[in-house]
Structure formats: structure tokens, C-alpha cells
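Novice: Structure provided below as C-alpha cells; questions to follow.
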Amino acid sequence: MPTTPEARTGSGLYVPQYVRDHDTHPPLDYPGYNSTALRHPKRPLTLLPHTLTEVTSPVLGHERVGELDHDLTRQHEGGEPQGQRITVHGQVRDSDGRPVPHTLVEVWQANAAGRYRHTGDNWPAPLDPYFTGVGRAMTDAEGFYRFVTVRPGAYPWKNHQNAWRPAHIHFSLFGQAFTQRLVTQMYFPDDPLFFQDPMWNSVPEEARERMVARFDYGSTEPEWALAYRWDIVLRGRGQTPFESEEEIAEDDE
């Protein structure tokens, strides 16, 4: 997460400045990720002051989360989605290792065949009528979240010759207002497609493993679902790599 040291303006006031953590987060312009050449900012980023309205509303809380929003396998009547059922769980923590309670976590992903339910995704993989691929949950008092879903499939995209995205799940975390949002991706261990994926490779090597979930056999539900654990650290030395708005807009429509 970017830090914001103060700098003196011409009027003598100190205002926050945007500083990107290059040891953790990917660069805004990464040659291997072709779209960044068109989307990355051409001028230094400036933090705009937020009014009281922007930092206090809209509040995205528990009243916006439905009973089955966390379970992507039971959101449609008449059937269940195809694919390997999994649970994904973990804890959201701050830089001091303290849990972040009652924060909204949203996910979106491709189905087991590697296709999104989106008009822009039309490669010849089957759509699943019982899988929308979106979910949301609140962290509990100790910062824990849990989703039930199916393992997403890999899919092609046209960034380079024979380009395939590794299996992944997108995560979005909200603070106490809509302006407080962080977005990242969770990957699965030992994916054979990491080597050619520019989104994965754009993240500094020492930080990449923070995006990989750990297979959690102890939390596997017998005869029901495999389990993966993925903790999210918002800032600090062990922070999870997060995406810029340009990457969010381009990836996985």
C-alpha cells in the first residue's frame, strides 16, 4: 500500500504525496504487460483531498451481504456449478499483525472452464448456468473471512503468443468508505503457468509468494471440499501486493 509523506506546497501548506512501494507492488508501466503502455499515468500522481462525505460514506457493511453471498456454489436454484469445490479462508491483518474486523471482502473469478460470465469473454469455453463467479463476505471480529466456491480454470488472453492466465481469484477489500479500496489476486500453489504470466512476473520476485494460497488439508471438509488459506496483509513489510486502477480496469472483464 502506498505511503504518503508530506511535502510543502507553494502556499506553505503540507499535503500528502503519493509514494509507491516498489519492493512490493508492480510498476504502473510494465513492458511485458502490454496494456500498461496505454493505461499507465503519464504524469506524477496527486492525492486529492477527501471531504467528510467521501471518507464516511457510503459505508459498505454487513447489511449489504446476503445469506449465500459467501457461498458461490449455492447462489442459483436448480443446480450446482461444475468443478472442484473448494473453500478459501484467511485473516485480514494490518502492519502490526492486528486483525482487521468487520471489513467487506469481495471476490470474482472465472468458472471451472476458465470463462467469466461477461459479454467481453467469448472464447469457446462453456458457461456454467449455476455459477456467476462473484461473492462477498464480512470479516469477523478477529478479521477472518471464508468463501465456498469452485477452483477456477486457466484461460487464454491475447497479451502475447499463446498467453494463458494462471488460475486465480480476484479479491477486493473495502474500508469504511467507498474511496478506501484495495484489489489483488490470489493464486494457487505450483501453477505451471506462472513463468509466462506478465501480471505475476511484474510483481517483485520476493513479494510474489504472498499472493499464493496455501493448501490447508486440516481445513478440508471430508467428502465435500478441499481448502486453501490465504491471509491478506494491508501494509508493512509483509504486505500483500495490490493492483493499480489501470490493472483492475484491464484485467478479466
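The values are calculated or read from the model by the stated rules, or taken from the named source; none is laboratory data. What you see is a predicted model, and the numbers here were worked out from it, not measured in a lab. Don't worry about glycine lacking a Cβ; one is built from the backbone with ideal geometry, like all the others, and counts go over all protein chains shown. Remember, those area values only see protein heavy atoms, side chains included, never the ligands or the DNA or RNA. Shrake-Rupley method; radii C 1.70, N 1.55, O 1.52, S 1.80 Å.
Novice: Looking at segment 190-202, which of the residues that are assigned to a loop (DSSP other than H, G, I, E, B) and modelled with pLDDT of 95 or more is most open to solvent (accessible area, probe 1.4 Å)?
Specialist: Here the residue is 192.
Novice: Separate question: Whether any residue in segment 159-170 is open to solvent by 30 Å² or more (accessible area, probe 1.4 Å), over 26 Å from residue 192 (Cβ atoms), of a type outside the set (Lys, Arg) and touching a residue at least 40 places away in the same chain (Cβ under 8 Å) is what I want to check.
Specialist: The answer is no; no qualifying residue exists.
Novice: Let me ask another. Would you mind finding the one in 145, 187 that is over 13 Å from the mean Cα position of the chain (by Cα), surrounded by 19 or more Cβ atoms within 10 Å (Cβ to Cβ) and among the hydroxyl-bearing types (Ser, Thr, Tyr)?
Specialist: It is 145.
Novice: Between a residue in segment 84-104 that is farther than 15 Å from residue 136 by Cα and any residue that is open to solvent by less than 50 Å² (accessible area, probe 1.4 Å) and charged (D, E, K, R), which pairs come within a Cβ distance under 7 Å, given they are 6 or more apart or on different chains?
Specialist: Taking only residues 6 or more apart or on different chains, the pairs are 93/231; 100/94.
Novice: Quick check on segment 204-244: of everything there that is in a loop (DSSP other than H, G, I, E, B) and of a type in the set (D, E, K, R), which residue is surrounded by the fewest Cβ atoms within 10 Å (Cβ to Cβ)?
Specialist: Among those that are in a loop (DSSP other than H, G, I, E, B) and of a type in the set (D, E, K, R), it is 223.
Novice: Can you find even one residue in segment 42-50 that is touching a Pro at 6+ places or on another chain (Cβ under 8 Å), open to solvent by 20 Å² or more (accessible area, probe 1.4 Å), farther than 30 Å from residue 163 by Cα and at pLDDT below 95?
Specialist: Taking every residue of segment 42-50 in turn, at least one turns out to be touching a Pro at 6+ places or on another chain (Cβ under 8 Å), open to solvent by 20 Å² or more (accessible area, probe 1.4 Å), farther than 30 Å from residue 163 by Cα and at pLDDT below 95.
Novice: Let me ask another. Restricting to segment 115-142, and then to whatever is of a type in the set (A, V, I, L, M) and within 17 Å of the chain's Cα centre (by Cα), can you tell me which residue is surrounded by the fewest Cβ atoms within 10 Å (Cβ to Cβ)?
Specialist: The qualifying residue surrounded by the fewest Cβ atoms within 10 Å (Cβ to Cβ) is 134.
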